[in-house]
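Structure, as structure tokens:
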Amino acid sequence: MATPHTFENSLRIHDEAIFTWLDTLLIDYRLSDGPPPVIIPEEPILRITAAPSRPFADVAALLVARNFFHGMGLTPEQMTTMAEDEFHKIMPLPIITIYRADPVEDPELAGAPKEFRRAVIDAAGGKYISYPWPAHYRTEYTMTIWCEEKYTEAFILEWFYAQFGT
């Protein structure tokens, strides 16, 4: 049985949709230049959900969970230690941090009355029962692109623009 679409679960659906959509943005990550160079080709862009004040709080755990160091012959414990201890040296860029603001009512989209009128008659009192009209909400997402080179930023922005069209 399908879960009914309610306000409570719609935030999770939107969060999952953003992450799934970003799976199609593929990046070639270079982890080291040494012999042999460690390159992870065609990897979905790294992304985390983070508040603007803590953009890289969970990146080490993300790198280990995505098995980002699989070409280096490390155990999961060594990957965790490496990701935590040498985070500033090994952090692969680009990465996108995603922040979801709190939903707010959107009066621009709500052009309908604020109540259902004369929907049901109360048998005991003989009066019409009115119900509140479902509100429209706006949920804003802020995605911050972290990268080293301007051409990488340009590539990602071009991908975003191509997704939205004119």
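For segment 134-145, state whether one or more residues are closer than 28 Å to A61 by Cα, among the polar types (S, T, N, Q), outside any strand (DSSP E or B) and at pLDDT 90 or above. No, that holds for no residue. Does T152 satisfy the condition of being under 24 Å from the mean Cα position of the chain (by Cα), at pLDDT below 85 and of a type in the set (V, I, T)? Against the criterion (under 24 Å from the mean Cα position of the chain (by Cα), at pLDDT below 85 and of a type in the set (V, I, T)), T152 does not qualify.
Scan segment 143-162 residue by residue and report those that are over 12 Å from P94 (Cβ atoms) and either surrounded by 11 or more Cβ atoms within 10 Å (Cβ to Cβ) or in contact with a Gly (Cβ under 7 Å, 6 or more places away or on another chain) (or both). F160 - this is the single residue of segment 143-162 that is over 12 Å from P94 (Cβ atoms) and either surrounded by 11 or more Cβ atoms within 10 Å (Cβ to Cβ) or in contact with a Gly (Cβ under 7 Å, 6 or more places away or on another chain) (or both).
Yes/no per residue for (1) at pLDDT 90 or above; (2) small (G, A, S); (3) not assigned by TED's automatic domain parsing to the domain that holds M72:
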{"residue": "M1", "(1), (2), (3)": "no, no, yes"}
{"residue": "A17", "(1), (2), (3)": "yes, yes, no"}
{"residue": "T20", "(1), (2), (3)": "yes, no, no"}
{"residue": "L25", "(1), (2), (3)": "yes, no, no"}
{"residue": "D28", "(1), (2), (3)": "no, no, no"}
{"residue": "L31", "(1), (2), (3)": "no, no, no"}
{"residue": "P35", "(1), (2), (3)": "no, no, no"}
{"residue": "V38", "(1), (2), (3)": "no, no, no"}
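The values are calculated or read from the model by the stated rules, or taken from the named source; none is laboratory data. The shown structure was predicted, so the numbers you read here are calculated from the model rather than taken from an experiment. Counting neighbours? That spans all protein chains shown, and the Cβs are built from the backbone with ideal geometry, glycine included.
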